[in-house]
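The values are calculated or read from the model by the stated rules, or taken from the named source; none is laboratory data. Bear in mind that the values here come from a model prediction, so they are computed numbers and not experimental data. Neighbour counts run over all protein chains shown; Cβ positions are idealised from the backbone, glycine included. For accessibility, only protein heavy atoms count, side chains too; no ligands or nucleic acids. Shrake-Rupley method; radii C 1.70, N 1.55, O 1.52, S 1.80 Å.
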Amino acid sequence: MAAAFIVGAAGLGASTTAAGAASAATAHATACATGWGSGDKGGSATGAVPLKNIRAGRHDCFDRMVFDVPGAGRSLGYQVGYVHRLHQSASGRYIPVGGGAVLDVHVGAPSYDPESGTVTYPGRVGRSLPGVDLRGYRTFMDTRFAGSFEGETQIGLGVRARLPFRVLQLPGHLVIDVAHNWTGQR
């Protein structure tokens, strides 16, 4: 009888441990890293390598915008920060952007070939980014092309609210991830 009790208690401990591990695994699987903060982020360097494309993607924990600049390596300059209103760098012109908060994004790559002047990215000032459809996104609400001036391209990214974001430099790409929330819940 005592042996049955010990075996039963050992089984109970094992099932409790398994349940605890499953609970911890579930909690870990539903948590998202959001410790990026919402302060300005930047890296210097403007370039002569032109911007080819801007695209967006949805992820479980964040919405992502990618600037494709083939040949730029990892030294692509950028400045990203929240602003009350988007103003075009070259002229100071106000450009309305939808959403609860606006990220002003400057990428050290012109939207034209610096040698020939040929347009490499077809953005039009004050208009949505060509080919970027934000329907169904949780965080991204709007985009606006603000222009390309002195080797730098500027866009406005309208987001649901002021949320944490990070900027990643990958070979030939600049990536901006904006978290869905501050708490890390999916």
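Considering only residues that are farther than 18 Å from G126 by Cα and either surrounded by fewer than 18 Cβ atoms within 10 Å (Cβ to Cβ) or without any contact (Cβ under 8 Å) to a residue 40 or more places away in the chain (or both), which ones fall in segment 42-57?
G42, G43, S44, A45, T46, A48, K52, G57
Report yes if D60 is outside any strand (DSSP E or B) and in contact (Cβ under 8 Å) with a residue 24 or more places away in the chain, otherwise no. I'd like the intermediate steps shown before the answer.
Working: outside any strand (DSSP E or B): yes; in contact (Cβ under 8 Å) with a residue 24 or more places away in the chain: yes.
Yes.
Scan segment 111-127 and tell me whether some residue there is of a type in the set (A, V, I, L, M) and under 13 Å from the mean Cα position of the chain (by Cα).
Just the residues of segment 111-127 that are of a type in the set (A, V, I, L, M), to begin with: 119, 125.
With the extra rule that they be under 13 Å from the mean Cα position of the chain (by Cα), the set shrinks to none.
No: zero hits.
Identify, please: which residue in segment 84-105 is free of Cβ contacts under 8 Å to residues at least 60 places away in the same chain and assigned to a strand (DSSP E or B) and is, among those, farthest from L51 (Cα to Cα)?
For segment 84-105, the residue satisfying everything is Y94.
For segment 106-119, which residues satisfy the criterion of being open to solvent by 30 Å² or more (accessible area, probe 1.4 Å) and in a loop (DSSP other than H, G, I, E, B)? Give the derivation first.
Filtering segment 106-119 for residues open to solvent by 30 Å² or more (accessible area, probe 1.4 Å) gives 112-119.
D113, P114, E115, S116, G117, T118 - these are the residues of segment 106-119 that are open to solvent by 30 Å² or more (accessible area, probe 1.4 Å) and in a loop (DSSP other than H, G, I, E, B).
If you go through segment 101-156, how many residues are under 14 Å from D68 (Cα atoms) and among the aromatic types (F, W, Y)?
Residues meeting the conditions: 2.
Can you tell me which residues in segment 151-185 are polar (S, T, N, Q) and open to solvent by 10 Å² or more (accessible area, probe 1.4 Å)? Give the derivation first.
First, the residues of segment 151-185 that are polar (S, T, N, Q): 153-154, 169, 181, 183, 185.
Of everything in segment 151-185, those that are polar (S, T, N, Q) and open to solvent by 10 Å² or more (accessible area, probe 1.4 Å) turn out to be Q169, N181, T183, Q185.
Answer yes if at least one residue in segment 63-74 is modelled with pLDDT of 95 or more, open to solvent by 20 Å² or more (accessible area, probe 1.4 Å), more than 29 Å from H180 (Cβ to Cβ) and over 19 Å from the mean Cα position of the chain (by Cα), and no otherwise.
Among the residues of segment 63-74, not one is modelled with pLDDT of 95 or more, open to solvent by 20 Å² or more (accessible area, probe 1.4 Å), more than 29 Å from H180 (Cβ to Cβ) and over 19 Å from the mean Cα position of the chain (by Cα), which makes the answer no.
Based on what the data block shows, is R166 closer than 20 Å to V80 by Cα, more than 16 Å from the chain's Cα centre (by Cα), charged (D, E, K, R) and at pLDDT 95 or above? Give the steps one after another, and end with the answer.
Values: closer than 20 Å to V80 by Cα: yes; more than 16 Å from the chain's Cα centre (by Cα): no; charged (D, E, K, R): yes; at pLDDT 95 or above: yes.
No; evaluated as a whole, the condition is false for this residue.
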